[in-house]
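Worksheet for the structure shown next.
The values are calculated or read from the model by the stated rules, or taken from the named source; none is laboratory data. Treat the numbers as computed from the prediction; the structure is a model and nothing was measured. No Cβ is skipped: glycine too gets one built from the backbone with ideal geometry, and neighbour counts run over all protein chains shown. Note: areas computed on protein heavy atoms with side chains; ligands, DNA, RNA excluded. Shrake-Rupley method; radii C 1.70, N 1.55, O 1.52, S 1.80 Å.
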Amino acid sequence: DYERFQLPPDINVVVLVGNPYHGITRDKFPEKSFAYVQRVAGIFRKKLQNNCVDERMATWNSTGSPESLARTVDEDLVFFMTRASHILLSRGGFSRLINKVADVRGI
């Protein structure tokens with residue numbers, strides 16, 4: 001539960017990473033997923049008291065190619081490997097991968 005989560009005092013930026021389009025077709029808009037992201041972002045904005053909450057959500061590009069989405073996922077993985085000092089995981093498959101990265105990095 002993100003509302004009960006206590007941010008470490010040294011945190012002043014939260015980056016939300018995700019793919020609200022995962023598992024849906026290109027002709028659909030993931031309203032529920034985007035609403036969920038906004039709720040989570042709002043929780044962290046309150047906790048950070050006007051510090052930064054960045055949403056790095058995957059989007060369909062103009063071609064909708066799987067390769068472009070793969071690049072986005074690769075960029076997110078590099079972000080976690082090089083920049084994240086703390087990681088709060090969700091229950092998805094990408095979180096399981098990120099958890100392994102966190103273990104290797106010792107965070």
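List of remarks:
- Of all residues in the stretch 71-97, none that is open to solvent by 90 Å² or more (accessible area, probe 1.4 Å) has its Cβ atom under 7 Å from the Cβ atom of a residue that is of a type in the set (Asp, Glu) and at pLDDT 80 or above, 6 or more apart or on another chain.
- Residue check, Ala35 modelled with pLDDT of 85 or more and either open to solvent by less than 60 Å² (accessible area, probe 1.4 Å) or farther than 22 Å from Leu97 by Cα (or both): yes
- Qualifying residue in the stretch 56-64 (condition: at pLDDT 80 or above, at negative phi and touching a strand residue (DSSP E or B) at 6+ places or on another chain (Cβ under 9 Å)): no
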